[in-house]
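A short write-up of the structure that comes next.
The values are calculated or read from the model by the stated rules, or taken from the named source; none is laboratory data. This one's a predicted model, so the numbers in the text were calculated from it and none came from an experiment. With ideal geometry, Cβ positions are generated from the backbone for all residues, glycine too; neighbour counts draw on all protein chains shown. In case anyone asks, the SASA skips ligands and DNA or RNA and just uses the protein heavy atoms, side chains included. Shrake-Rupley method; radii C 1.70, N 1.55, O 1.52, S 1.80 Å.
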Amino acid sequence: FCIPTEYTMHIERKECAYCLTINTTICAGYCMTRDVNGKLFLPKYALSQDVCTYRDFMYMTAEIPGCPRHVTPYFSYPVAISCKCGKCNTDYSDCI
């Protein structure tokens, strides 16, 4: 099941006085995939497996407290609204 899942992340900047804990949602779960027997005869793009990735998401912004004036105190992070099994888009996802 590939669904939005609660996730807690910790954000810090070495110049700022505090670490911020953010609760958000990410896409997590399993997607059906198959191992093809004819790997040697197929192009590499045909061998990629589907992953649980974002269908719809929005960005939220939090302010890290205790930052000096010369440091931007804002941090933007994605919030998963819905998820899908598909190819991983490296524009907005970590595809490891």
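Overview of results
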| read-out | value |
| --- | --- |
| Unique match (being at pLDDT 90 or above, among the acidic types (D, E) and open to solvent by 40 Å² or more (accessible area, probe 1.4 Å)) among D35, D50, D56 | D56 |
| Given (1) surrounded by 11 or more Cβ atoms within 10 Å (Cβ to Cβ); (2) modelled with pLDDT of 90 or more; (3) part of a strand (DSSP E or B), index of the condition C16 fails | (3) |
| Residues within region 61-84 that are surrounded by 12 or more Cβ atoms within 10 Å (Cβ to Cβ), within 19 Å of T21 (Cβ to Cβ) and under 13 Å from the mean Cα position of the chain (by Cα), tallied | 4 |
| Pairs with Cβ under 8 Å, 6+ apart, first in region 8-23 and among the acidic types (D, E), second open to solvent by less than 40 Å² (accessible area, probe 1.4 Å) and part of a loop (DSSP other than H, G, I, E, B) | E12/I64; E15/C67; E15/V71 |
| Qualifying positions in region 62-74 - over 16 Å from Y7 (Cα atoms) and part of a strand (DSSP E or B) | E63, Y74 |
